[in-house]
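Participant: Below is the structure I would like to discuss, written out as structure tokens.
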Amino acid sequence: MKAAVITFPGSNCDRDLADGFAAAGFEVARVWHKDTALPAGTDVVGIPGGFSFGDYLRCGAIAARSPIAAAVVAHAGRGGYVLGICNGFQVLTEMGLLPGALMRNAGLKFVCRTVGLSVATADSAYTAGWAKGAAIAVPIAHHDGNYTADAALVARLEAEDRVAFRYLDNPNGSAGDIAGVLSDNRRVLGMMPHPERCVSADQGGTDGSVLFRSLAGAFVAA
Amino acid sequence: MKARVHVMLKDGVLDPQGEAVRHALGTLGFSGVEAVRQGKVIELDLTATDRAAAEAEVRAMCERLLANTVIEKYTVEIA
């Protein structure tokens, strides 16, 4: 059960994400963006939050074309798990692994606070530990988290049960209150809220630990 | 040879920054502005000497990096 957490210049949640995986029992490797291969036996790739490449051009755009990107896309193509949080979600949309795009918050302000989410589906390795509809509290901290998708895409994501999390009180203008989306094989998850910032009581909340434990459970069961 | 790429949000994609600029212009007394859309201009110095080849190359750059075609459109000028 191995996780690989990628660090880009400007990533700042990589250590917390590695700790989140480790607390759930994963063996965690740290991977630099200039690496061209993932460690052998990697089960889950974690793409952390932060401001990769200073958000130059577009958030996540440069990171999505960095040397390690091809290995991440190939891993996803083989049915591997990929978790992208905050800037990591932006990177996954820029890589084309998840649909839609993340634009400037509708209110134009950077929003940093704990928000309420509802778990929109329990049908994924990431969310299996919750009941569908569960209300949880997870921190957000972003300037560009406004999930942008046309009505047809939102309808498709809902029809395919691919919305993982919804905001209870939309903080950024996201279409359909969407806070996290799954790939069509349900193994790639991108989300703006930070589950790695609420895995122990010391951080002020533990709801995020359910995500990492659920994911670990997928490997125990398999 | 130089190329200039204009990247704009597609029609129908809301532009909160453009709207904030419009609002600020109104505050300054420019009352006649109905809408503002904000985009990017990217200038490239190219070694290419063939105009058509240069344009094709820059269009490929737009598709792969310079624009996010999910939300943005682009135009290419070769000068």
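The values are calculated or read from the model by the stated rules, or taken from the named source; none is laboratory data. Note that the structure is predicted; figures quoted are calculated from it, not measured. FYI the Cβ positions are ideal-geometry reconstructions off the backbone, even for glycines, and counts take in every protein chain you see.
Participant: Tell me, yes or no, whether the range B:14-36 has at least one residue that is of a type in the set (Asp, Glu) and touching a residue at least 24 places away in the same chain (Cβ under 8 Å).
Facilitator: Among the residues of the range B:14-36, not one is of a type in the set (Asp, Glu) and touching a residue at least 24 places away in the same chain (Cβ under 8 Å), which makes the answer no.
Participant: Provide a single number: the residues in the range A:148-175 that are aromatic (Phe, Trp, Tyr) and either within 11 Å of another protein chain (Cβ to nearest Cβ) or outside any strand (DSSP E or B) (or both).
Facilitator: 0
Participant: In this structure, is A:Thr93 away from chain B (no Cβ under 13 Å) and of a type in the set (Val, Ile, Thr)?
Facilitator: The answer is no for A:Thr93.
Participant: While we're looking at this one, here's another question. Pick from A:Gly84, A:Gly88: which is more than 9 Å from chain B (Cβ to nearest Cβ), within 21 Å of A:Ala18 (Cα to Cα), in contact with a strand residue (DSSP E or B) (Cβ under 9 Å, 6 or more places away or on another chain) and outside any helix (DSSP H, G or I)?
Facilitator: Numbers: A:Gly88 fails: outside any helix (DSSP H, G or I).
None of the others qualify; the one that does is A:Gly84.
Participant: In the range B:32-79, which residues are of a type in the set (Gly, Ala, Ser) and farther than 30 Å from A:Thr148 by Cα?
Facilitator: Just the residues of the range B:32-79 that are of a type in the set (Gly, Ala, Ser), to begin with: B:32, B:35, B:39, B:48, B:52-54, B:56, B:60, B:67, B:79.
Across the range B:32-79, the qualifying residues are B:Ala48, B:Ala52, B:Ala53, B:Ala54, B:Ala79.
Participant: To continue, here is another question. For the range A:58-82, give me each residue that is among the β-branched types (Val, Ile, Thr) and either without any contact (Cβ under 8 Å) to a residue 60 or more places away in the chain or surrounded by fewer than 21 Cβ atoms within 10 Å (Cβ to Cβ) (or both). Steps first, answer last, please.
Facilitator: Initial filter on the range A:58-82 (among the β-branched types (Val, Ile, Thr)): A:62, A:68, A:72-73, A:82.
Once the filter is applied, which keeps residues that are among the β-branched types (Val, Ile, Thr) and either without any contact (Cβ under 8 Å) to a residue 60 or more places away in the chain or surrounded by fewer than 21 Cβ atoms within 10 Å (Cβ to Cβ) (or both), the range A:58-82 yields A:Ile62, A:Val73.
Participant: Now, a different point. List pairs: first in the range A:195-218 and closer than 14 Å to A:Asp16 by Cα, second modelled with pLDDT under 95 and in a loop (DSSP other than H, G, I, E, B), Cβ under 7 Å, 6+ apart or cross-chain?
Facilitator: That search, which allows pairs on different chains as well, returns A:Cys198/A:Gly204.
Participant: Residue check, B:His6 against (1) within 14 Å of another protein chain (Cβ to nearest Cβ); (2) surrounded by 14 or more Cβ atoms within 10 Å (Cβ to Cβ), all met but one. Which one?
Facilitator: Unmet condition: (1).
Participant: Here's a follow-up. Identify, from the list A:Val28, A:Val45, the residue that is at pLDDT 95 or above, of a type in the set (Val, Ile, Thr), within 13 Å of the chain's Cα centre (by Cα) and closer than 18 Å to A:Leu215 by Cβ. So that I can check it myself, show each step before the final result.
Facilitator: Working: A:Val28 fails: within 13 Å of the chain's Cα centre (by Cα).
So the residue among A:Val28, A:Val45 that is at pLDDT 95 or above, of a type in the set (Val, Ile, Thr), within 13 Å of the chain's Cα centre (by Cα) and closer than 18 Å to A:Leu215 by Cβ is A:Val45.
Participant: Within the range B:42-54, is even one residue under 13 Å from the mean Cα position of the chain (by Cα) and in contact (Cβ under 8 Å) with a residue 12 or more places away in the chain?
Facilitator: Taking the range B:42-54 and keeping what is under 13 Å from the mean Cα position of the chain (by Cα), we get B:42-43.
If we keep only those that are in contact (Cβ under 8 Å) with a residue 12 or more places away in the chain as well, we get B:42-43.
Taking every residue of the range B:42-54 in turn, at least one turns out to be under 13 Å from the mean Cα position of the chain (by Cα) and in contact (Cβ under 8 Å) with a residue 12 or more places away in the chain.
Participant: Step by step: first the residues of the range B:51-79, then only those that are of a type in the set (Gly, Ala, Ser) and buried (at least 16 other Cβ atoms within 10 Å of the Cβ), then the one that is nearest to the other protein chains (Cβ to nearest Cβ). Which residue is that? If you could, list the steps in order and put the result at the bottom.
Facilitator: Step one: list which residues in the range B:51-79 are of a type in the set (Gly, Ala, Ser), which gives B:52-54, B:56, B:60, B:67, B:79.
When the remaining residues are screened for being buried (at least 16 other Cβ atoms within 10 Å of the Cβ), the result is B:54, B:67.
Values: B:Ala54: 21, B:Ala67: 9 Å.
My answer is B:Ala67.
Participant: Which of the residues spanning the range A:49-81 are of a type in the set (Gly, Ala, Ser), within 14 Å of chain B (Cβ to nearest Cβ) and either part of a loop (DSSP other than H, G, I, E, B) or under 16 Å from the mean Cα position of the chain (by Cα) (or both)? Spell out the reasoning first.
Facilitator: Looking only at the range A:49-81, we keep the residues that are of a type in the set (Gly, Ala, Ser), and these are A:49-50, A:52, A:54, A:60-61, A:63-64, A:66, A:69-71, A:74, A:76-77, A:79-80.
Subset that is within 14 Å of chain B (Cβ to nearest Cβ): A:60-61, A:63-64, A:66, A:69-70.
Hits for the range A:49-81 are A:Gly60, A:Ala61, A:Ala63, A:Ala64, A:Ser66, A:Ala69.
Participant: Here's a follow-up. Would you point out the residue of the range A:96-123, among those that are out of contact with any Leu (no Cβ under 8 Å at 6 or more places or on another chain), within 20 Å of A:Ala159 (Cβ to Cβ) and surrounded by fewer than 19 Cβ atoms within 10 Å (Cβ to Cβ), that is farthest from the other protein chains (Cβ to nearest Cβ)?
Facilitator: Of everything passing the filter in the range A:96-123, A:Ala122 is farthest from the other protein chains (Cβ to nearest Cβ).
Participant: Against the conditions (1) in contact with a helix residue (DSSP H, G or I) (Cβ under 9 Å, 6 or more places away or on another chain); (2) within 13 Å of chain A (Cβ to nearest Cβ), where does B:Ala48 fall short? Just the number, please.
Facilitator: Exception for B:Ala48: condition (2).
Participant: Could you figure out which of (1) out of contact with any strand residue (DSSP E or B) (no Cβ under 7 Å at 6 or more places or on another chain); (2) surrounded by fewer than 18 Cβ atoms within 10 Å (Cβ to Cβ); (3) not in a helix (DSSP H, G or I) isn't true of A:Gly129?
Facilitator: For A:Gly129, the exception is condition (2).
Participant: A further question on this structure: Identify, please: which residue in the range B:10-34 is within 23 Å of A:His143 (Cα to Cα) and in a loop (DSSP other than H, G, I, E, B) and is, among those, farthest from the other protein chains (Cβ to nearest Cβ)?
Facilitator: Among those residues, the one meeting the criterion is B:Asp11.
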